[in-house]
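A short worksheet on the structure shown next.
The values are calculated or read from the model by the stated rules, or taken from the named source; none is laboratory data. Computed from a prediction, not measured in an experiment: that's the story for all the values here. Cβ placement follows ideal geometry from the backbone for every residue including glycine, while neighbour counts extend to all protein chains displayed. Keep in mind that these areas ignore ligands, DNA and RNA; they rest on the heavy atoms of the full protein, side chains included. Shrake-Rupley method; radii C 1.70, N 1.55, O 1.52, S 1.80 Å.
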Amino acid sequence: MKTNQWRPGMGDMQILPGPRHRPPLKRPVWIIVLVSLVSIFVICAFLYPPQSSAACYIFSSRGCKAISDWLPPAPARDFTDDEIASRVVIREILSQPPIQSKNPKIAFMFLTPSALPFEKLWDKFLHGHEGRFSVYVHASKEKAIHLSRYFSNREIRSDPVIWGKISMVDAERRLLANALQDPDNQHFVLLSESCVPLYTFDYIYDYLMNTNISYVDCFEDPGPHGNGRYSEHMLPEIEKKDFRKGAQWFSMKRQHAVIAMADSLYYSKFRDYCKPGFDGRNCIADEHYLPTFFNIIDPGGIANWSVTHVDWSERKWHPKLYKSQDITYELLKNITSVDVSVHVTSDAKKVVQRWPCLWNGIQRPCYLFARKFHPETLNDLLHLFANYTTI
């Protein structure tokens, strides 16, 4: 029997639709170009950071700080052998509990060319507090004749001091070395011949002894009288970002005094590369050495302001000199009422930096001492002393 087999013919075949031809994709070329430009900018900013603040403000109203906030951190450098040794010694000193003294004292260290014109005032300030203080005098030009028993035979061996040079720092270290020989000395105050106390002895003693920080003036100044004095010869141990400025008149706890005496690495950088006229810069060692040193090794251990008031409002090389006509009860009370530390940068912007003076977390008056007073003001200050030192 024949079986009829159906075979599809041309007429039975359906014409299937062919593949659709889609138009080529329109790639967002502008996005690719934009991403490429941003990537190039970020890479260049990281490899070649702006050298001036003006360049930073092209891209951000906050300046270089805004750019650095979102750039990847720079790789940490390896410390030199000297840095490792220095940091080990400093860490060991700071980790040890302070020496406990049954009779803790304040060391008052006077840095003076010769005589102390306010010796009578200091005698009145110290009277009745024997055994709670020590006095050291560095007279760089000639030995003075003392009127107070607290100052007699208290001179240390002294060398000439030239303003702006490392000899000023050497004199400070010489005072510290002598004062550290007495284990009862727990706080070390550097004073000049033009300094006067602003409070009673008891108030100052409690202020300094009942806190665990040192009062070292320290702030960042991007201007010509700040970071403009930095020299790259200080690399690698001292980088420009760590360079700081501050008044030389410190009040320092014993641990920090020992560390300052033990330092030779950072001191040598300032001895060799921070001096007037070096590399076309007028670097003043006593304004930069200790602020930079403590900013590197123990920034949290200092208060960033000095407890000695100085008036720089005249914007000269030296601070305002108070004379007899300036000495009033109101002047001294105005100084003792200040409870905010103020620094002004030396660049064209004159940025004012303010922070509260905190004593154990409590905002209190910043200043315990003041300068610069002319010798002619002695009698005026003696007359006012009993009133303006009353708390």
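Results, tabulated for the structure shown:
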| item | result |
| --- | --- |
| Enumeration of residues in the range 253-264 that are out of contact with any Leu (no Cβ under 8 Å at 6 or more places or on another chain), surrounded by 17 or more Cβ atoms within 10 Å (Cβ to Cβ) and not in a loop (DSSP other than H, G, I, E, B) | Lys253, His256 |
| Residue check for Leu368: in contact with a strand residue (DSSP E or B) (Cβ under 9 Å, 6 or more places away or on another chain), crowded, with 19+ Cβ neighbours inside 10 Å, farther than 22 Å from Thr292 by Cβ and at pLDDT 95 or above | yes |
| Counted residues, the range 342-391 - those being aliphatic (A, V, I, L, M) and touching a Lys or Arg at 6+ places or on another chain (Cβ under 7 Å) | 4 |
| Positions within the range 161-182 being at pLDDT 95 or above and in a loop (DSSP other than H, G, I, E, B), in sequence order | Gln181, Asp182 |
| Complete set of residues in the range 341-363 that are touching a residue at least 60 places away in the same chain (Cβ under 8 Å), closer than 25 Å to Asn210 by Cβ and either in a loop (DSSP other than H, G, I, E, B) or among the hydroxyl-bearing types (Ser, Thr, Tyr) (or both) | Asn360 |
| Condition met for Asn185 (open to solvent by 20 Å² or more (accessible area, probe 1.4 Å) and polar (S, T, N, Q)) | no |
| Any hit, the range 133-156, residues being part of a helix (DSSP H, G or I) and either hydroxyl-bearing (Ser, Thr, Tyr) or crowded, with 17+ Cβ neighbours inside 10 Å (or both) | no |
| Whichever residue in the range 188-219 is charged (D, E, K, R) and buried (at least 17 other Cβ atoms within 10 Å of the Cβ) and, among such residues, is nearest to Ala260 (Cα to Cα) | Asp217 |
| Residue count, the range 97-123 (criterion: in contact with a Leu (Cβ under 8 Å, 6 or more places away or on another chain), closer than 19 Å to Tyr322 by Cα and open to solvent by 20 Å² or more (accessible area, probe 1.4 Å)) | 2 |
| Candidate set: the range 371-388, residues that are of a type in the set (A, V, I, L, M, F, W, C) and in contact (Cβ under 8 Å) with a residue 40 or more places away in the chain; chosen: the one surrounded by the most Cβ atoms within 10 Å (Cβ to Cβ) | Phe373 |
| Filter pass, Lys240 being over 22 Å from Arg354 (Cβ atoms) and crowded, with 20+ Cβ neighbours inside 10 Å | no |
| Among residues of the range 282-301, those that are in contact with a Cys (Cβ under 6 Å, 6 or more places away or on another chain), in a helix (DSSP H, G or I) and among the hydrophobic types (A, V, I, L, M, F, W, C), counted | 1 |
